[in-house]
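Below is one structure; the comments refer to it alone.
The values are calculated or read from the model by the stated rules, or taken from the named source; none is laboratory data. Treat the numbers as computed from the prediction; the structure is a model and nothing was measured. We place every Cβ from the backbone using ideal geometry, glycine too, and count neighbours over all the protein chains shown.
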Amino acid sequence: MIPLILNDLGYTSQLDTFIQSHDLAGFEIGRIIRESKKKYVVKTELNNYNSQISGKLRHEAKSRSDYPAVGDWVAIKPVEKDRAIIHEILPRKTIIERQAIGRFGKKQTIATNVDVAFVMQDIAHDFNLNRLDRLIAICFASKIQPVMILTKIDIADKSELADRVAQIDKRFNDIYIFLLSNKSMEGFSAIQNMIEYGRTYCFIGASGAGKSTLINNLVGEKVMLTKSLREKSHKGQHTTSHRELFILKDSGVLIDTPGMRELGVAESFKTLESTFEIIFTLSDSCKYSDCTHLIEPECAVLMALEKNEIDRSYYDNFHKMKGEQSQFELNKRGIKDKETIKKMKSDSKNKKSRR
Ligand SMILES: Nc1nc2c(ncn2[C@@H]2O[C@H](COP(=O)(O)OP(=O)(O)OP(=O)(O)O)[C@@H](O)[C@H]2O)c(=O)[nH]1
Ligand SMILES: [Mg+2]
Ligand SMILES: [Zn+2]
């Protein structure tokens, strides 16, 4: 393993005071570089430790945010060569969190101690201003500076690209936007150059945006698995399923995250409605109250599309997500049916055994 000092991992002297005042001098200090199902990898100056939290921490944890997350600084005690127990989570500078899917009111920690969030979006086939709104909102809610990266410019139609960038520019006029191709590497060095030593950069955005591909390019080796949509066995399945932190040599610290499906299959009809507010408002003026906005005459949505008042991508995305949403409802019902069958089977088994 390449020797490193804590500063390479983004350590700042602000943490010294806490360590001294909390009697943590006897502990090894490290940063969580990987998390998967409450198992953590902690990197210290000396080693990488597979870690679990102490009974005391677990006992005291009231919510999800009391558990460690990738990016956290922690005080650990090694128990074996490569194993350690996490005894304390040091105060967090920032937390990126979002509403946990399907569990309203519950927060999910994405990463901590992040300085800059790279909000990534595939500009060629996954242009969605509403999603960008949400991602940017997550950053602002977490008090983290967002920087936008629009990917796949190599396969985007030139005039469409200019138009989309103009739209984004207009909507988020104070946010810096990078244009990138992970294939031709156009725009890559500008991103590479903005990454500063000791600072932490978290990559967020929808699945397929190219987060892991960019991280691989920055690290200079294939540290993360990447996949095209075609290769994904299920529609919308994420390639990255865990969060992981990487240290660039003489540069910053990067955190990869799984694609956020905040507009995706698990969302309710209500979310669809607020996300596609324009379509839902227009549909009040459609001739038929149950208009699908696909073929009906005097459909206000189709008319708006024709007059270019709404974007084709906005319209298409609405149908795509509406389809996903109904599929999700069907799946949910399918699961319920399966559960009912299972219960009936086990009930009848119980009856038989009682006889
Ligand atoms: N043409 C083109 N393809 C790209 C670009 N960036 C990424 N890709 C491809 O897009 C696919 C998805 O890229 P990933 O890096 O796996 O996407 P991700 O954002 O990490 O996705 P999740 O891990 O599912 O959240 C891969 O097949 C990449 O090769 C780009 O700039 N141009
Ligand atoms: Mg990925
Ligand atoms: Zn209609």
Tell me the residue from T275, T281 that is within 16 Å of ligand 3 (Cβ to nearest atom) and at pLDDT below 90, please. T281
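Of all residues in the stretch 213-240, count the ones that are modelled with pLDDT of 80 or more and farther than 17 Å from D154 by Cβ. Don't jump to the end; show me each part of the working.
So in the stretch 213-240, the residues modelled with pLDDT of 80 or more come out as 213-224.
Within this subset, residues satisfying the condition of being farther than 17 Å from D154 by Cβ are 215, 218-224.
Of the residues in that region, 8 qualify.
In the stretch 300-310, which residue that is surrounded by fewer than 17 Cβ atoms within 10 Å (Cβ to Cβ) and not basic (K, R) is nearest to ligand 3 (Cβ to nearest atom)? Break it down stepwise before answering.
The initial filter retains those residues of the stretch 300-310 that are surrounded by fewer than 17 Cβ atoms within 10 Å (Cβ to Cβ), namely 303, 306-309.
Filter once more, keeping what is not basic (K, R): 303, 306, 308-309.
Working: M303: 9, E306: 12, N308: 17, E309: 14 Å.
Step by step, filter the stretch 300-310, then rank; the result is M303.
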Result of the Cβ filter at 9 Å on the stretch 295-311, keeping first residues that are over 11 Å from S285 (Cα atoms) and partners that are within 16 Å of ligand 1 (Cβ to nearest atom) and not charged (D, E, K, R), at least 6 apart or interchain, is D311/F127
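Got a number for residues in the stretch 44-69 being assigned to a helix (DSSP H, G or I), modelled with pLDDT of 90 or more and surrounded by 14 or more Cβ atoms within 10 Å (Cβ to Cβ)? Show your work before the answer.
Within the stretch 44-69, the first condition is being assigned to a helix (DSSP H, G or I), and the residues that meet it are 55-60, 64-66.
Cutting the leftovers down to modelled with pLDDT of 90 or more gives us 55-60, 66.
Still in the running and surrounded by 14 or more Cβ atoms within 10 Å (Cβ to Cβ): 57.
Counting residues in the stretch 44-69 that are assigned to a helix (DSSP H, G or I), modelled with pLDDT of 90 or more and surrounded by 14 or more Cβ atoms within 10 Å (Cβ to Cβ) gives 1.
Within the stretch 1-35, count every residue that is hydroxyl-bearing (S, T, Y) and either farther than 16 Å from Y197 by Cα or loosely packed, with under 11 Cβ neighbours inside 10 Å (or both).
In the first step, residues of the stretch 1-35 are kept if they are hydroxyl-bearing (S, T, Y); the result is 11-13, 17, 21.
This time we only want the ones that are either farther than 16 Å from Y197 by Cα or loosely packed, with under 11 Cβ neighbours inside 10 Å (or both), so: 13, 17, 21.
So the answer is 3.
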Exception for C202 within (1) within 9 Å of ligand 2 (Cβ to nearest atom); (2) modelled with pLDDT of 70 or more falls at (1)
Going by what's in this entry, would N173 be described as assigned to a loop (DSSP other than H, G, I, E, B) and of a type outside the set (K, R)? yes
Out of the residues in the stretch 201-225 meeting the condition of being assigned to a loop (DSSP other than H, G, I, E, B) and near ligand 1 (Cβ under 6 Å from one of its atoms), tell me which one is farthest from R131 (Cα to Cα). G210
